[in-house]
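The values are calculated or read from the model by the stated rules, or taken from the named source; none is laboratory data. None of these values were measured; they are calculated from a predicted model. Every residue, glycine as well, gets a Cβ built from its backbone with ideal geometry; the counts of neighbours run over all protein chains shown. These accessible areas exclude ligands, DNA and RNA; they are computed on the full protein's heavy atoms, side chains included. Shrake-Rupley method; radii C 1.70, N 1.55, O 1.52, S 1.80 Å.
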Amino acid sequence: ACSVTMDAAKTVTATFTQNEYILTVNTVGSGTVTRSIPAPYHLGDVVALTPVPAAGWSFSAWSGACTGSGACSVTMDAAKTVTATFTQSAYTLTITSLHGTVAKSPDKATYTLGEVVQLTATPAAGWSFANWTGDATGTTNPVSVTMNGNRAVTANYTQNEYILTVNTVGSGTVTRSIPAPYHLGDVVALTPVPAAGWSFSAWSGACTGSGACSVTMDAAKTVTATFTQNEYILTVNTVGSGTVTR
């Protein structure tokens, strides 16, 4: 308080200082917050806050003097506190594998920045692994993928081809119901065709006996068809007295 006793002309000056308000900004997770104007703050100052997530993180929400996940502007009329929450980004790894399976290690629905996932391709029966395409390339199996975003990888396979070797003993040929190449599960019916003066005798190898021969392909196979030459009897008779030489 100021009391002035008047006994002459006097002058008094009152000095005022502007109040300064503190704006405290906290972060949860990995990221920073930029301010549109620096401190100190006075009555009526409007401070726009911008969240800047670190690599592999996303801004989630405000709390305190700002709420929600939209723009945040704080009008200063007292000390205030704002918290920006960041969450770690989740990346998906999509696998395409039409003729086999692919195991992921670790096997998770989503991954965070920098995680390394090992992929191991196992071909289905009758197929062989060929290569990777997409966000993994080459023929190395298993292969590793580093997650720095959503990733998609395709495992490619080639169908195994099995050789059916058909041999013949004697004079004749063998026809096939379907031509090569042969794949897993193909059924090839073989028909012996003897040459003139010969007869089919028997199968050996992947077929046996002398009946019908059908070969189911699940590996390289060999069949042999044996033909035997026909034998004909020549009967020589004589009428009267004499002989016949041969």
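Tell me, what is the FRET efficiency for Ala196 and Gln159 to the nearest 0.05, using R0 = 41 angstrom and their Cβ-Cβ distance as r?
Once the sixth-power term is evaluated, E becomes 0.55.
In whole Å, what three semi-axes, largest first, describe the equivalent ellipsoid of the range 21-111 built from its Cα gyration tensor (square root of 5 times each eigenvalue)?
42, 10, 9
Determine ³J(HN,Hα), in whole Hz, for all residues of the range 151-161 in sequence, where each value follows from phi through the Karplus function 6.51 cos²θ - 1.76 cosθ + 1.60 and θ = phi - 60°; x replaces Gly and Pro.
10, 9, 10, 10, 9, 9, 10, 10, 6, 5, 10
Could you compute the net charge surrounding Val166? Neighbours are other residues with a C-beta less than 12 Å from the C-beta of Val166; K and R count +1, D and E count -1.
Computed value for this residue: +2.
Hey, which aspartates and glutamates would be in cross-link range of Lys104, C-alpha to C-alpha under 15 Å, not counting anything within fewer than 8 residues on its own chain?
Once the sequence-local aspartates and glutamates are set aside, what remains near Lys104 is Glu115, Asp135.
Report the full-extension gain for the segment Thr133 to Ala1: residue separation times 0.36 nm, less the Cα-Cα distance, to one decimal in nm.
Here the answer is 39.2 nm.
Compute all pairwise cysteine Cβ distances in the chain, then list the cysteines with no distance under 4.7 Å to another cysteine.
Lacking a cysteine Cβ partner under 4.7 Å: Cys2.
If Lys221, Lys10 are ordered by their accessible area, calculated over protein heavy atoms with a 1.4 Å probe, which sequence runs from highest to lowest?
Ranked from most to least accessible, the order is Lys10, Lys221.
What are the semi-axes of the equivalent ellipsoid for the chain, taken as the square roots of 5 times the Cα gyration tensor eigenvalues, largest first, in whole Å?
In descending order the semi-axes read 101, 11, 10 Å.
Please report the antiparallel percentage of DSSP beta bridges with both residues in the range 5-139, rounded to the nearest 5.
Roughly 80 percent of the beta bridges in the range 5-139 run antiparallel, per DSSP.
Return, ordered by residue number, the residues of the range 143-179 whose backbone nitrogen is under 16 Å from a label point located 7 Å along Cα→Cβ of Thr228.
169-172
Whole Å is fine, so just give me how far the alpha carbon centre of the range 159-175 lies from that of the range 72-142.
Between the Cα centre of the range 159-175 and that of the range 72-142, the gap is 50 Å.
Using a 1.4 angstrom probe, figure out how much accessible area the chain has per residue, in square angstrom, rounded to the nearest whole.
The answer is 61 Å² per residue.
Would you mind calculating the gained length between Thr122 and Ala55 on full extension (0.36 nm times residue separation, minus the Cα-Cα distance), in nm to one decimal?
Full extension from Thr122 to Ala55 adds 20.7 nm.
Taking the DSSP beta bridges in the chain as the whole, what percent of them are antiparallel, to the nearest 5?
75
In the range 1-151, carbon and sulfur make up what percent of the accessible area (probe 1.4 Å)?
Carbon and sulfur atoms account for 52 percent of the accessible area of the range 1-151.
Could you give the length gained on full extension between Thr216 and Asn26, defined as 0.36 nm per residue of separation minus the Cα-Cα distance, in nm?
Once the chain is fully extended between Thr216 and Asn26, it gains 61.3 nm.
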